[in-house]
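Visitor: Input: one structure, supplied below.
A short reminder: the numbers here are calculations on the coordinates, not readings from a lab. This is a predicted model, so every value here is computed, not measured. Reconstructed Cβ throughout: ideal geometry from the backbone, glycine too, with neighbour counts over all protein chains shown.
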Amino acid sequence: MPIRVDVATRDDISEIIASADALVATDAGRYDPDATDLGWAVRTGSAYATSLLASDDSLVLIARDGDAVIGHLVARMYGPGSVHPIRGAELESIHVYPEHRGRGSGEQLVNGFLAWAADRGAQRASVTAYADNEGAQRFYARLGFALKSVILDRDDLQDAEPRQT
């Protein structure tokens, strides 16, 4: 059966939360476990999904194989700002359940996001990936995303002594 990508509705909230929660557990939970709340879905998942669906500047896509939800994508528009006077779109999260990967559903989700962003006047589409998640970086590069910036974190602020330079 062909994979179908649809704009999510309120009827999809539980599937959005489940897919986003699976992403958090396997991505942030793996690459940034000390700064990840693995219980977020129970506490705030419904409010998160509801707010996304209510916003004209947000997109939630659901990938389906028949009636089964096999993944999701969340995106948001941003800008223009005073320093960066362009309209952009950020791919906030994407997840395809492991048993459904390699069949083009991730690419379909991203292409849906790119079309949505272009229709809203975005001049740039961006996405972040953990530095150690080489598979995600290869996936995004294959779809035309290029390295533009690097985020450096320092996680010892509560017990760190000032550094002398």
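Visitor: Rank by packing, highest mean first: peptides 87-98, 11-22, with packing defined as the count of other Cβ atoms within 10 Å averaged across residues. Don't skip to the end; give the middle numbers.
Guide: Values: 87-98: 20.0, 11-22: 18.5.
Descending mean neighbour count gives 87-98, 11-22.
Visitor: Still on this model: Just going by the charge dipole of the stretch 3-142, with Lys and Arg at +1 and Asp and Glu at -1 on Cβ, which of His72, Val83, Ala25 is farthest out on the positive end?
Guide: Farthest along the dipole direction, towards plus: Val83.
Visitor: Counting only DSSP beta bridges with both residues in the chain, what percent are antiparallel, rounded to the nearest 5? If you can, show how the numbers build up before the last one.
Guide: Working: 21 of 25 bridges.
Around 85 percent of the beta bridges assigned by DSSP in the chain are antiparallel ones.
Visitor: About its Cα centre, what dipole magnitude does the chain give when the only charges are +1 on Lys and Arg Cβ and -1 on Asp and Glu Cβ, stated in debye to the nearest 20?
Guide: It works out to roughly 680 debye.
Visitor: Still on this structure, please answer the following. What are the residues whose amide H is under 5 Å from the amide H of Glu92, where those residues sit 5 or more places off or on another chain and H is modelled from the backbone?
Guide: Val74, Ala75, Arg76
Visitor: Now for a separate question. By the scheme Lys and Arg +1, Asp and Glu -1, what is the net charge of all other residues having a beta-carbon under 15 Å from that of Ala68?
Guide: Working: positive: Arg4, Arg64, Arg101, Arg103; negative: Asp6, Asp11, Asp12, Glu15, Asp65, Asp67, Glu99.
Residues close to Ala68 contribute a combined charge of -3.
Visitor: What's the percent breakdown of Cα-Cα distances in the stretch 3-142 across 5 Å bins, shortest bin first?
Guide: Distribution as computed: 2, 10, 19, 22, 21, 17, 8, 2, 0, 0 percent.
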